[in-house]
Amino acid sequence: MVLATRNDHKVREFAGLLDGIPVRALPDDVELPPETGDTFAANALLKARTAAAATGEPAFADDSGVEAAALGGAPGVRSARFAGEQATDAANLARLRREAPAGSALRYVCVIAYVDGQEERLFEGTCTGTLAPEPRGSGGFGYDPVFLPDVADGRTMAELSAAEKDAISHRGRAARALRAWLEERGAGRGGALR
């Protein structure tokens with residue numbers, strides 16, 4: 001399957017999460033549209049449809065972010081641009097900490113869109129937690145240093161090992177749902193997509 005990204009880290013991450021289902025990066029000559037959707041699903045579908053149409057192969061894409069209850073669900077689909085269009089992870093994290101109180105509820109959301117010539121499917125994964133008083137940990141990226149998952153014994157996402165994070169993360173949960181569905185269709189463990 002084609003993953004609608006040229007980010008090698010993301011291709012490797014999804015290849016691991018999909019455990020045996022071949023994943024390859026988007027070809028260099030395919031340009032993805034801007035993420036103009038109002039929902040994670042809309043943005044993921046934009047990218048997956050473009051990749052499938054351009055390559056003629058099954059494709060998938062994800063869109064994800066963090067929602068803060070204290071901010072009415074923001075930053076949501078604007079998580080990567082919360083502090084501005086060219087914002088860094090540090091700037092986005094600083095804005096979240098300024099605007100949402102420590103201890104407030106957070107939710108990571110990931111939607112994966114799968115598109116082939118005949119079918120479109122969405123798979124959603126979530127992970128709930130709270131905003132840590134201070135950033136901790138050196139792993140992960142984005143909002144991970146302040147995201148305290150409800151199921152991780154007081155450690156932030158950035159303090160978890162990669163395997164621990166994959167087991168509870170929004171992306172891991174969405175990827176496992178996609179993998180289970182693909183395996184039902186005979187696409188897993190080296191099988192061909194129908």
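The values are calculated or read from the model by the stated rules, or taken from the named source; none is laboratory data. Note that this is a predicted model, so its numbers are computed, not measured. Using ideal geometry, Cβ is built from the backbone for each residue, glycine included, and neighbour counts are taken over all protein chains shown.
Some notes on this structure:
- The residue list Gly125, Gly129 contains one member that is touching a His at 6+ places or on another chain (Cβ under 6 Å), at pLDDT 95 or above and not hydroxyl-bearing (Ser, Thr, Tyr), which is Gly125.
- Within segment 131-162, considering residues that are hydroxyl-bearing (Ser, Thr, Tyr) and in contact with a strand residue (DSSP E or B) (Cβ under 6 Å, 6 or more places away or on another chain), the one surrounded by the most Cβ atoms within 10 Å (Cβ to Cβ): Tyr143
- Among the residues making up segment 11-34, a single one is touching a strand residue (DSSP E or B) at 6+ places or on another chain (Cβ under 7 Å) and not hydrophobic (A, V, I, L, M, F, W, C): Arg24.
- The residues of segment 74-110 that are in contact with a Ser or Thr (Cβ under 6 Å, 6 or more places away or on another chain) and either in a loop (DSSP other than H, G, I, E, B) or without any contact (Cβ under 8 Å) to a residue 12 or more places away in the chain (or both) amount to a single one, Gly103.
- Scanning segment 101-130 for residues that are crowded, with 16+ Cβ neighbours inside 10 Å and more than 25 Å from Ala41 (Cβ to Cβ) yields a single hit, Thr130.
- Segment 163-194, subset at pLDDT 90 or above and small (Gly, Ala, Ser), residue nearest to Val66 (Cα to Cα): Ser169
- Filter result for Ser169 (crowded, with 21+ Cβ neighbours inside 10 Å and within 19 Å of the chain's Cα centre (by Cα)): yes
- Among the residues here, Ala91 does not qualify as in contact with a strand residue (DSSP E or B) (Cβ under 8 Å, 6 or more places away or on another chain) and within 26 Å of Asp144 (Cα to Cα).
- Residue, surrounded by the fewest Cβ atoms within 10 Å (Cβ to Cβ), within segment 29-52, restricted to residues that are part of a loop (DSSP other than H, G, I, E, B) and hydroxyl-bearing (Ser, Thr, Tyr): Thr36
- Pair list, Cβ under 7 Å, 6 or more apart: segment 1-23 residue free of Cβ contacts under 8 Å to residues at least 12 places away in the same chain, other residue of a type outside the set (D, E, K, R) and assigned to a loop (DSSP other than H, G, I, E, B): Ala15/Val23
- Residue within segment 131-146 that is in contact (Cβ under 8 Å) with a residue 24 or more places away in the chain, in a strand (DSSP E or B) and either closer than 19 Å to Ala69 by Cβ or touching a Phe, Trp or Tyr at 6+ places or on another chain (Cβ under 7 Å) (or both) present: yes
- Lone unmet requirement of (1) in contact with a Gly (Cβ under 8 Å, 6 or more places away or on another chain); (2) crowded, with 20+ Cβ neighbours inside 10 Å; (3) not basic (Lys, Arg) for Val2: (1)
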